[in-house]
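Where a number appears in this text, it was derived from the coordinates with a stated rule and is not lab data. Being a predicted model, the structure only gives us computed values, none of them experimental. Glycine gets a Cβ as well: all are built from the backbone with ideal geometry, and neighbour counts include every protein chain shown.
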Amino acid sequence: MFQPVSAFLALRYATADKQNSFVSFINLFSVAGIALGLMSLIIVLSVMNGFEGQLKKRILGIVPQIVAHAEPHEIDETQFPGVYGKMAYAETEGVIQAQTGLRGMRIQGIVPTSMENSIVADNMVTGSLGTLTPGSFNVVIGRALAVQLDIRVGDRLRLMVAGASIYTPLGRIPSQRLVTVSGVYSVGSQMDDKVIFMALDDLKRLMRLASDSPSDTRLFLEDAFNYQEVVLQLDRAGVASDNWRERQGPLFDAVKMEKNMMFMMLLLVIAVAAFNIVSALVMVVTEKQGDIAILQTQGMAPGYVMLVFVLNGIFNGVKGALVGLVLGVGVTLQLNNVLDLVHINLALSADGHGIPIDLRWHQVVTVTLFSLALCLVASIYPAYRAMKVQPASALQND
């Protein structure tokens, strides 16, 4: 016997069986379950990837990815993998006072020319980072903060810092200064009402430091998640550093855990559908015992008999996987159009339109192959039972 015979018989058995509608129904149910599970998995993973990417872009575009406690001239950014720029940097906590109230803030002292390609510069609503010139004591604030405190460009605010103080006749008070709002940014993240920007030299003066005092170095990464190698190299060079994990690590850990749990839940859906193949194939084996006995008496080896039913299960898995793959990719690419069609309006992406989608083909290939592997595993036991059919016992009633 040749292997194509096993494939031919498996394909015949995998088609709809008009003689046993119940077996056909179970067969169809397993194929539909695999298709729906794989489609759901592709859609959910793509949406979760999109949300994770938006969080990384919006939050880690504002929060310093790595801050090295060394002067900029002491660090050669070209020696670190994934680092495309550096900037002299300082940061402190403070309080901003407007006519309508007070708000605790993180104040970042920056060099505007080094942040021309940052997400903040790309999402300025009014003004620009270029207005943060030394000596101007201008600040750029987030639109969320501007709305909460009713602040507009040109307004003067009182800015107080917690890390420095001055002596007055009334005693020791925090260092403070009147500053002018010269720009408003809107990244669309939870950091919009928590971070303000001002010129590095102005922040140093506010912190009661000399303009030539040492400053830290902020490193810009191409991918914020690839920070560990840079941190290790800084440690080897004896340079202490801070990174985004210390502030935003729990948030991204929670997102990753939620993504993994959704992945596991949908894999279980596929597993249930795949193991429906077991019951379908067991019934097919029971029904086809006479055929199996005839094939064995004609010389088909037990291994080829087993291969017939393994391939039968795989063919069912391939049908389900192909349908799920096409539907999953198609729905994912058109998800926002589908939501608009059913009048579900969501504004969760960076541009304020629809849901962020990030379809990663390596994930699609992985989950598709995993689905086929489950179908293969589910087919082994019924195929083994078919191989153990005794021709004499199977044909004695025929």
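Structural descriptor for region 66-243: relative contact order 36 percent, calculated from alpha carbon pairs under 8 angstrom and at least 6 residues apart. Model label sites at H69 and L251, defined 7 Å from Cα along the beta-carbon direction, differ in position by 2.4 nm. Highest mean packing first, where packing is the average number of other Cβ atoms within 10 Å per residue, the peptides 65-71, 320-326, 228-234 line up as 320-326, 65-71, 228-234.
Taking 0.36 nm per residue of separation and subtracting the current Cα-Cα distance, fully stretching the chain between N345 and D150 would add 67.4 nm. The trypsin sites (Lys or Arg not before Pro) of region 181-224 meeting both criteria, a DSSP state outside H, G, I, E and B (loop) and at most 16 other C-beta atoms within 10 angstrom of the site's C-beta, are K194, R208.
Spatial offset of region 135-155 relative to region 45-95 amounts to 23 Å, using the alpha carbon center of each. Peptides 74-83, 138-147, 256-265 ranked from most to least packed by the mean count of surrounding Cβ atoms within 10 Å: 138-147, 74-83, 256-265. Taking 0.36 nm per residue of separation and subtracting the Cα-Cα distance, full extension of the segment from T113 to N260 would add 48.9 nm. Per-residue extension of 0.36 nm, minus the Cα-Cα distance of V125 and A162, leaves a gain of 10.4 nm for this segment.
For the listed residue pairs K259/K319; K194/K256; K86/K194; K56/K204; K56/K194, the alpha carbons are over 20 angstrom apart in K259/K319; K194/K256; K86/K194; K56/K204. Sparsely packed loop sites in region 123-230 (the chymotrypsin sites (Phe, Trp or Tyr not before Pro) outside DSSP H, G, I, E and B with at most 16 other Cβ atoms within 10 Å) comprise F225. Between the beta carbons of F25 and L369, assuming R0 = 25 Å, the FRET efficiency works out to 0.35 to the nearest 0.05. Averaging the Cα positions of each part gives two centres, and for region 173-207 and region 310-331 these lie 55 Å apart. Across region 104-117, computed HN-Hα scalar couplings (Karplus, 6.51 cos²θ - 1.76 cosθ + 1.60, θ = phi - 60°) run x, 9, 9, 10, 9, x, 10, 9, x, 5, 7, 10, 5, 9 Hz from first to last residue, x flagging Gly and Pro.
Close amide-amide hydrogen proximity is noted between I66 and L219, each under 5 Å apart and 5 or more residues distant or on a separate chain (H modeled in the peptide plane; Pro and chain starts excluded).
Working note: Karplus 6.51/-1.76/1.60 with θ = phi - 60° gives region 232-249 the couplings 4, 5, 5, 4, 5, 7, x, 9, 6, 8, 10, 9, 5, 4, 5, 9, 10, x Hz, where Gly and Pro are set to x. Take the Cα of I380, step 7 Å toward its Cβ, do the same at H362, and the gap between the two points is 2.8 nm.
Sequentially through region 218-223, phi angles give Karplus couplings (6.51, -1.76, 1.60; θ = phi - 60°) of 8, 9, 9, 9, 5, 9 Hz, Gly and Pro residues having no value and appearing as x.
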